[in-house]
Amino acid sequence: MLPVNSTSLVSLANRTVALQCTAVLSTQTERLGATLANVIVMLLALVGNSLILIVVVSSKSMKNTTDIFIANMALSDLIFPLLVIPRRIVEIYFGDRRWLISGTAGLVLCKLVFFLQDLSTAVSIFSLILITIDRFYAIVLPLKRFLMTKRSCILIASLTWVLGIVIHGVYFESFSVATHDNRLHCFIQWDPKGLTYESYYISVFICFALAPFILMAVAYSFIFVRLKGQQRRIGVSLSEPQNTQRSMRQRKVFYLSFAIVISFAIAWTPLNTVVFLDLFIKDYSSEEKCSWNTFLFIGVFLAYASSAVNPFIIFLFSSKFRVASREIVRRIGRHYVQRSNQVTNITNIELQ
């Protein structure tokens, strides 16, 4: 799981603009196709993550530790359809890092949009770590597991946002609006006497990629071994239906959390590969650098699509989320039918 941050993307875009690389999408048909794909991802992410939040908030039975951390991840993923993907659609037509808003408002939004984008990614990763730790204690060390109240879970989830803000607060100083070829661009400019792009990226990579990946890989390995042992014991003794049901629930939650982690890693790996090549390989020619644009474009799309894939995985693996979401959809449908009938009745009375 290798989440690249906005600083690496913008730094790569800085050099791409300076090299005058040819646009990846050169025809109107290609731009329309890319726009359609991004709009679909945006709508799926908006509806899916909103539905998860509504389910957890409105349902009294959906307040356990895993549910709250899933809701925290869904809340962070909403930043992508609301801010990040719309900005990406603008770039499809106007160019990478093009900025259409000038003045103080444009400067503030330039800093804020990229800050919120990476804050979202940070919170998602922290949420995955919390889900992993919760599953580890529930399955591997159940006797040592401390029961967290709803309030303490919400507090821990809130701390993931605080930590993300602290880590990415440097964006408010580094991002700025600059003019290139009489056009505004939202660029990142590092202080040559202070923190460098390379050192910052490596630090973020260790905090948000290497360390979490190792932690979760080790934890899920222990969880998998323990679940296999439970399955063998259940096969020997079928006279304990409660233990069998509990083991089945644990396996379902394990498959859910593991699938989210794997999909997140797959979605972000291509983009990180391009960024790593740009960061550590310095002897590429300008033409070769420009050829990375296609891979960069695909990598960005896959990474952003992760915000739409997560809700799909949750609804696929969790029957309780499916049942609760169907009930909410029915409730909303009944509400609109009742409102429509009321409007019709009022109209009929007025006509009489």
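Please identify the pairs in which a residue from the range 251-276 that is within 26 Å of ALA138 (Cα to Cα) has its Cβ atom under 6 Å from the Cβ atom of a residue that is among the small types (Gly, Ala, Ser) and surrounded by 21 or more Cβ atoms within 10 Å (Cβ to Cβ), counting only partners at least 6 apart or on another chain.
Once the first residue is within 26 Å of ALA138 (Cα to Cα) and sits in the range 251-276, its partners that are among the small types (Gly, Ala, Ser) and surrounded by 21 or more Cβ atoms within 10 Å (Cβ to Cβ) give LEU256/SER318; PHE264/SER306.
How many residues, within the range 37-60, are touching a Pro at 6+ places or on another chain (Cβ under 6 Å) and among the aliphatic types (A, V, I, L, M)?
Result for the range 37-60: 4.
Given ALA211, ALA219, ALA157, ALA122, which one is over 17 Å from the mean Cα position of the chain (by Cα), modelled with pLDDT of 85 or more and surrounded by 15 or more Cβ atoms within 10 Å (Cβ to Cβ)?
Of the residues listed, the single one that is over 17 Å from the mean Cα position of the chain (by Cα), modelled with pLDDT of 85 or more and surrounded by 15 or more Cβ atoms within 10 Å (Cβ to Cβ) is ALA219.
Would you point out the residue of the range 129-151, among those that are surrounded by 15 or more Cβ atoms within 10 Å (Cβ to Cβ) and aliphatic (A, V, I, L, M), that is modelled with the lowest pLDDT?
So, considering only residues that are surrounded by 15 or more Cβ atoms within 10 Å (Cβ to Cβ) and aliphatic (A, V, I, L, M), the one modelled with the lowest pLDDT is MET148.
Can you tell me which residues in the range 38-91 are of a type outside the set (Val, Ile, Thr), part of a helix (DSSP H, G or I) and under 18 Å from ILE125 (Cβ atoms)?
Result: ALA45, ASN49, PHE69, ALA71, ASN72, MET73, ALA74, LEU75, SER76, ASP77, PHE80.
From the list VAL55, VAL108, VAL39, exactly one residue is among the β-branched types (Val, Ile, Thr), buried (at least 17 other Cβ atoms within 10 Å of the Cβ) and at pLDDT 90 or above. Which is it? Can you show your working first?
Numbers: VAL108 fails: buried (at least 17 other Cβ atoms within 10 Å of the Cβ); VAL39 fails: buried (at least 17 other Cβ atoms within 10 Å of the Cβ).
Within the list VAL55, VAL108, VAL39, the selection yields VAL55.
Return the pairs, sorted by first residue and then second, in which the second residue is at pLDDT 85 or above and of a type in the set (Lys, Arg), the first residue lies in the range 217-239 and is within 11 Å of THR132 (Cα to Cα) and assigned to a helix (DSSP H, G or I), the beta carbons are less than 9 Å apart, and the residues are 6+ apart or on different chains.
Partner pairs satisfying both residue conditions: ALA219/ARG135; TYR220/ARG135; ILE223/ARG135.
The values are calculated or read from the model by the stated rules, or taken from the named source; none is laboratory data. Please read these numbers as outputs of a predicted model, since none were measured by experiment. Virtual Cβ from ideal backbone geometry, glycine too; neighbours counted across all protein chains shown.
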